[in-house]
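Here is the structure we will look at, set down as structure tokens.
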Amino acid sequence: TGVQMFALDLTQPYCLYVKKGWDTMACVKLKSQFEWDSVPVGLATTALQLDAGNAKETLPFVMDLDWFAPEAYKWTLRSSGFVWTCAMVTVVLRWWGPAFGWDWVDNPLVLMGATVIAGAYATYADFSAMKWCIVPWLQKVKKLALMRCTMPFHCFLVIQLSGTWLQIFTIQNNAWLMVTASKENDALMDLWLYLWEHSMYGMLPHSTWTKWITPKSGMFFFWLVSTSQLIWPLMTSVPWSRSEQRASFPTRNADDARVNEYAEISISRGQGNWVKFVPEAFYDDFNTLWTELVEMVLEVLGFPVIKGHYRESVANLALASGLRYTGSMWLSYPRQRIDEIIKFQEGYTVKKANGELEPLPQGWELRAVKECRKLARCHRNRVFFILLCKFALQVNLQITFIIIKRIHQKRLNVLGLNNVVGIIALASLLLTLGVEILDIIGIAGIFFRMRSAVIGTILTVGKSSKVYAADDFIVDEEDASIQS
């Protein structure tokens, strides 16, 4: 007798079997390897039970990411606040620091320090958020891929964390360049004026470049636009008023839950009282500031009322604070979820006369479309904030500003760390651009797969007035309905 430790990869399927030969013992082996070099004598018919010492029996169970998203949400919200607070503190120091004789605030090492502090906390928040989501995520996704290339988890992790640091640097650098342009506005005005008067916009009045569109005003305006990367997720992802939860999953206290051999979850309410947890009855949507604004003002203009959900909110706040590791989950998980809905025709659930819930294929097309819409909303935000606000607008202005600043420094025969910072900033923006374009291509592929699967049903029943499927409802056999 003895104890044998096995290290398992959550992304791979395994077989638990009893090895007989020199000795007899329970073993775990990759399913592909087991099928290659092992001969099964018989298959177990009972559920797997693992002895965890004094802990309760453990059964394997496929978990839903929505149950754990509220815990990850807390970390993405904290990270958003911390990262942008670092950027704001840098702006305040550079604006008012010289008044106290703090000339060191203009040293580029301050930018590096702010990036390191914000990046360190963002990395910690990235890991803390994924701690709650990694198991349900990998249960669905199984294989991690980047640019359609499957890779080991540690390689995937290094690439995504590198993306997180690049995003943090762009947030801090945008604030830094805004203050730099404001301070050096007068010194760079001659070169700024020469550049624009000899460009295709030279027909505009001279005052356009000296009073209205100056290095100071241009960089300040585009920096304000870039702050929408934080403002919009806060408006659409932070609860303004919470809907009542019908059931809650005990994410922080696993001892209060147990799973039986029929894969049913029960939650302890104390004194031996166990209540059955029904996943179909779980929901925790909430109104946001944007939801309230639409309901009060904008609904008459045709704006749809969309409630917030924690899974979608985590994706939006990961965008706000640049958490690429957490953000990567919100592309791969919905993609796998959509594929499962289409492959297994997972429709909505019907409540039978005996009180049991039975999933039916009816409405699987609607579920696939709704899941795709959630994914599209998250990446619409990425396209707007990253591609438009950062790249289409800011990159052009930053390149112009860096060129003018280098010419000015060359005239004075003074070169400094700002040149290195500028090159790093542009390189990080271009790398981020490449990653975002690849994500857009992936989203387009998901949409076309979903469209080809549901277009037949849509063309058949799309013009009918008869209800084909219920949206977010558990339908009773007697035509009653309970919101889920």
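Could you tell me the calculated FRET efficiency between LYS343 and ILE213, based on Cβ-Cβ distance and R0 = 60 angstrom, to the nearest 0.05? So the FRET efficiency works out to roughly 0.65. In plain terms, the chain from GLN33 to VAL395 could stretch by 125.3 nm, reckoned as 0.36 nm per residue minus the Cα-Cα distance. When the Cα positions of ILE134, TYR121, GLY101 are compared along the charge dipole of the range 78-153, ILE134 comes out farthest toward the positive end, with charges on each C-beta of Lys, Arg, Asp and Glu. For LYS31, the accessible area of its heavy atoms, probed at 1.4 Å with every protein chain present, is near 80 square angstrom.
Between TRP95 and ILE440, the modelled labels are 3.3 nm apart [label points 7 Å from Cα along Cα→Cβ]. With R₀ set to 30 Å, the beta-carbon distance separating ASP186 from PHE384 gives a calculated FRET efficiency near 0.35. Using the Cα gyration tensor of the range 73-146, with a ≥ b ≥ c the square roots of its eigenvalues, what is the shape: rounded (a/c below 1.5), prolate (a/b larger than b/c) or oblate (neither)? Prolate is the answer for the range 73-146, as a/c is 1.5 or above and a/b outweighs b/c. Taking amide H as placed 1.01 Å from N in the peptide plane, the amide H of ALA257 sits under 5 Å from that of SER268, each at least 5 places away or on another chain. Protection proxy ranking for 396-407, 128-139, using the average of other Cβ atoms within 10 Å per residue and placing the highest first: 128-139, 396-407. Count the net charge of all other residues whose Cβ sits under 11 Å from the Cβ of MET178, scoring Lys and Arg as +1 and Asp and Glu as -1. Taking every other residue near MET178 into account, the sum is +3.
The simple Förster model, with R0 at 35 Å and r as the Cβ-Cβ distance, assigns LEU431 and ILE455 a FRET efficiency of 0.45.
Annotation: amide H of TRP240 within the under-5 Å range of ASN287, THR288, LEU289, sequence separation 5 or more or interchain, hydrogens built in the peptide plane.
Order of 74-85, 207-218, 93-104 by packing, highest average Cβ count within 10 Å first?
Details: 74-85: 21.2, 207-218: 16.4, 93-104: 12.4.
So the peptides 74-85, 207-218, 93-104, ranked by packing, come out 74-85, 207-218, 93-104.
Estimated at 0.36 nm per residue, the fully extended path between ASP23 and ASN273 surpasses their Cα-Cα distance by 85.6 nm.
The values are calculated or read from the model by the stated rules, or taken from the named source; none is laboratory data. Only a predicted model underlies this, so the values are computations on that prediction, with no experimental measurement involved. Positions of Cβ are backbone-derived with ideal geometry, glycine not excepted, and every protein chain shown enters the neighbour counts. Just the protein is used for accessible areas: all its heavy atoms, side chains included, with ligands, DNA and RNA removed. Shrake-Rupley method; radii C 1.70, N 1.55, O 1.52, S 1.80 Å.
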